[in-house]
Structures are given as C-alpha cells and as structure tokens.
Amino acid sequence: MERALSAPGKLFVSGEYAVLWGGVSRVAAIGPRTGALVRRRPDSRVHVCLEEGTLAGRTTPLGVKWEREVPPGFSFVARTLDEALRLHGRESVGFDLALAPSAVGPNGLKLGMGGSACATVLAADAVRFVLEERFDALKLALVAHTAQQNGKGSGGDVATSHAGGMVRYRRYPVSGLIEASSAGGYRAAVDAAPSVDVWRLPPPQVSLGYAFTGESASTRVLISQVEAKWGESGRQDFVRRSDAVGQEIERGLGGGDFRAFAEAVREQQALLLELGPLETESMRRVLSLAASYDCAGKQSGAGGGDGCILFAPDAQKRAALLEGIRARGFHTLELELEPGVRGESHAEPALRSWLDAVR
C-alpha cells in the first residue's frame with residue numbers, strides 16, 4: 001500500500017508580519033512542486049528518506065521512537081509524524097516516507113518558498129493515508145510546524161501549501177492544541193477546534209513572477225528581532241494599516257487599474273520597511289527594475305534575503321521584466337498558481353529507489 005503525493009510552495013502577496021499579530025495575509029501557492037512517496041510496512045518500523053540520508057525508528061502511541069537524535073534537516077517531518085501518531089493514540093503499523101528536496105537556485109541556496117511548510121504538509125497527508133485516519137491534516141500540520149518553531153510563524157505557508165491557489169489567511173491559534181498534545185485529550189481537542197480561517201480567492205488577473213536575490217534569510221531570527229523592537233500598540237497600528245493595504249491589493253489582483261494596484265504594492269513594501277532593515281541591496285535593485293518596466297514588486301516573506309514577488313499587467317510585460325532581471329544576474333521564475341497537496345499517479349523514480357533501499 002503506497003501513495004505518491006506532491007505539494008506547492010508559497011509566496012506572500014501581502015500581510016507578512018501583520019498576520020503574526022492578528023492581521024490578514026494573502027499568499028500564493030506556486031511551483032515548483034515537491035514530491036513525496038509513502039509506503040506502509042508490515043511491521044512497526046519507520047524510515048524517513050531525504051536527499052541527505054535516512055532516519056529510522058518505530059511507531060508508538062506517543063510518537064516515533066527514533067534510533068538517534070533527529071538531525072535539523074529532518075526536524076519538521078519528524079515532528080509531524082510524532083504529532084500524527086499521538087493523534088492516532090494507539091499502536092499502529094509502520095511506514096516508509098521519502099520526500100524530494102526543496103527547490104534551489106543556481107547557487108544551491110533554497111529559493112525561500114516555504115520548504116519546511118511544504119514538507120510538513122506532505123508528511124501530515126502521507127501519514128494520515130497510511131494510518132487510514134480521518135483527522136484534519138491541515139490542523140495537524142499547523143500544530144507540528146508551529147511547535148517545531150517554538151510558537152513562531154503564522155502558519156500562512158502551511159495553509160497555502162495545503163489549500164493551493166491564492167488564499168486569504170488569518171493566523172490559526174494552536175497553543176491549546178500543542179498543550180493537549182502533551183497533557184492529554186489531544187484527539188478531542190483537535191476535533192473540537194474551529195476550522196482554519198483560510199479562504200481561496202479567485203485567480204488573479206495580473207501576471208506573477210519571482211526573482212531570487214541569491215541570499216537566503218532566517219525567518220525566525222528576523223521575526224524575533226522585529227518583535228523585540230515593536231510593542232503591542234505599535235504592532236496593532238501596523239496591522240490596521242497592513243490590512244487596509246492588503247484589501248487594496250486583493251481588489252487589484254482581480255484586474256482593472258494596474259497603476260492603482262502597483263501603488264498598493266509599493267505601499268505594502270514601504271510599510272514593511274518601517275519594521276527594520278529588511279530590504280537588501282539586491283532586493284532594492286530588483287524592485288527598481290520592476291518599476292522601470294511599469295510593473296510592481298515587493299519582498300515576499302520576512303525579508304533580509306530570499307526574493308521578491310513581481311506583478312505585471314500581462315504575460316508579455318512579465319516576460320520582458322524577467323528577461324531584464326535575468327540579464328542582471330538574478331534567478332527568475334514565471335509563476336502560475338498551483339493546486340494544494342494532492343495524490344499523484346506516479347512517484348518520482350528517485351523517491352521509489354530510496355524506499356526500495358530500506359529494509
């Protein structure tokens with residue numbers, strides 16, 4: 001019994017940081033997709049196979065009993081499997097799970113498209129399939145991803161990878177579920193918890209692109225720095241203004257006056273820069289180029305590196321913009337919205353070979 005899966009990455013369109021403090025974000029599910037393959041075992045053994053190696057253990061009602069300390073690269077998947085087995089709450093069969101690596105740029109750095117969230121979503125859906133369970137895989141993924149970050153992060157990347165498309169998302173409260181995971185009554189708490197506040201928006205009528213700056217950023221470090229600087233009143237004022245700009249951006253995604261939409265995008269970027277030095281010199285160059293092509297752009301995510309999401313009024317202008325940015329040495333991608341986590345008819349050959357190699 002096996003299943004092949006895939007899930008998309010994500011880019012924030014608006015509301016990063018604000019969503020951490022009760023505001024609303026808009027997030028796009030985009031490719032390249034990441035693949036996974038899960039296979040049920042006849043025993044209680046567990047193997048997680050990644051490009052960097054294999055982590056082994058066995059199932060218990062309290063999680064996986066791992067044979068060694070979980071390496072950092074396995075941490076989000078391992079935490080998701082632990083949470084799933086606690087939700088299951090009884091002895092279970094084992095399984096082998098292989099996940100493809102996150103997308104990287106020409107220099108080998110990750111592109112900043114939510115690789116840990118994508119892996120968490122894939123692990124949650126895979127283990128639910130193997131256990132033949134009916135729990136809410138999105139709630140599980142949000143709990144696991146947030147817990148592994150010690151409560152940091154909004155979950156917007158997780159919700160988008162799960163749901164697909166262009167989504168409007170408000171942070172889902174998981175602190176009570178994390179507590180129940182350790183204290184007891186976990187399954188009842190998850191079942192009774194409200195639905196996740198995520199809404200799929202209509203497909204955008206503007207063309208999307210991405211420019212990777214060639215620098216990777218640590219989201220957790222940046223969030224900690226910003227939150228240490230801003231008090232509660234400052235955060236709430238930021239949320240109020242970010243939500244207002246986000247509504248304008250959402251309206252503009254539906255088409256119409258591109259100049260007004262581009263101005264709203266610039267306002268969102270300017271608002272983010274009030275939080276601190278989040279924009280690198282490379283990001284400034286990319287955004288200046290976007291403006292020179294009568295397009296728009298902003299940082300996507302916490303800033304300090306990674307890349308910029310770009311908006312053009314049509315595919316022809318997007319192609320010209322991306323060509324101009326590539327000519328300056330940046331890695332670019334044309335973006336189309338992707339569906340959320342889904343089953344696939346065929347597994348990637350490498351993933352199958354990884355699972356075939358374990359015993």
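The values are calculated or read from the model by the stated rules, or taken from the named source; none is laboratory data. Fair warning: this is a prediction, and the values are worked out from it, not measured in the lab. Heads up, the Cβs are rebuilt from the backbone with ideal geometry, glycines too, and the neighbour counts pull from every protein chain shown. Accessible surface is based on the protein model in full, side chains and every heavy atom, while ligands, DNA and RNA are left aside. Shrake-Rupley method; radii C 1.70, N 1.55, O 1.52, S 1.80 Å.
Filtering the range 249-263 to residues that are under 18 Å from Arg318 (Cβ atoms), of a type in the set (A, V, I, L, M, F, W, C) and free of Cβ contacts under 8 Å to residues at least 60 places away in the same chain leaves Phe258, Phe261, Ala262. Please indicate, with yes or no, whether at least one residue in the range 88-97 is closer than 19 Å to Val341 by Cα, under 13 Å from the mean Cα position of the chain (by Cα) and not charged (D, E, K, R). Within the range 88-97, not a single residue is closer than 19 Å to Val341 by Cα, under 13 Å from the mean Cα position of the chain (by Cα) and not charged (D, E, K, R). Scan the range 56-105 for residues that are among the hydrophobic types (A, V, I, L, M, F, W, C) and assigned to a loop (DSSP other than H, G, I, E, B) and the total you get is 5. Within the set Ala188, Ala159, the sole residue that is open to solvent by less than 30 Å² (accessible area, probe 1.4 Å) and out of contact with any Pro (no Cβ under 8 Å at 6 or more places or on another chain) turns out to be Ala159. Among the residues making up the range 106-130, those that are under 15 Å from the mean Cα position of the chain (by Cα) and assigned to a loop (DSSP other than H, G, I, E, B) are Leu111, Gly112, Met113, Gly114.
Out of all the residues in the range 2-50, which are among the β-branched types (Val, Ile, Thr) and either touching a Gly at 6+ places or on another chain (Cβ under 7 Å) or over 17 Å from Gly307 (Cβ atoms) (or both)? So that I can check it myself, show each step before the final result.
Pass one, the range 2-50, residues among the β-branched types (Val, Ile, Thr): 13, 19, 24, 27, 30, 34, 38, 46, 48.
Result: Val19, Val24, Val27, Ile30, Thr34, Val38, Val46, Val48.
May I ask you to verify whether Asp294 is among the acidic types (Asp, Glu), surrounded by fewer than 21 Cβ atoms within 10 Å (Cβ to Cβ) and touching a residue at least 40 places away in the same chain (Cβ under 8 Å)? In short, no.
The residues listed here are Ala188, Ala180, Ala147, Ala141; of these, the one that is small (Gly, Ala, Ser), in a helix (DSSP H, G or I) and out of contact with any helix residue (DSSP H, G or I) (no Cβ under 7 Å at 6 or more places or on another chain) is Ala188.
Taking only the range 227-236 into account, find how many residues are part of a helix (DSSP H, G or I) and surrounded by 12 or more Cβ atoms within 10 Å (Cβ to Cβ). Break it down stepwise before answering.
Taking the range 227-236 first, the residues part of a helix (DSSP H, G or I) are 227-229, 232-236.
If we keep only those that are surrounded by 12 or more Cβ atoms within 10 Å (Cβ to Cβ) too, we end up with 227, 234-236.
So the count comes out to 4.
If you filter the range 2-27 down to residues that are in a loop (DSSP other than H, G, I, E, B) and on the phi < 0 side of the Ramachandran plot, you find that the one that is surrounded by the most Cβ atoms within 10 Å (Cβ to Cβ) is Glu16. When restricted to residues that are over 21 Å from Leu109 (Cα atoms), open to solvent by 80 Å² or more (accessible area, probe 1.4 Å), in contact (Cβ under 8 Å) with a residue 24 or more places away in the chain and outside any helix (DSSP H, G or I), the range 323-359 contains 5. Among the residues in the range 192-213, are any modelled with pLDDT of 95 or more and part of a helix (DSSP H, G or I)? Among the residues of the range 192-213, at least one is modelled with pLDDT of 95 or more and part of a helix (DSSP H, G or I), which makes the answer yes.
Annotation note: of Ala78, Ala36, Ala56, the sole residue that is at pLDDT 95 or above, of a type in the set (Gly, Ala, Ser) and under 30 Å from Pro202 (Cβ atoms) is Ala36.
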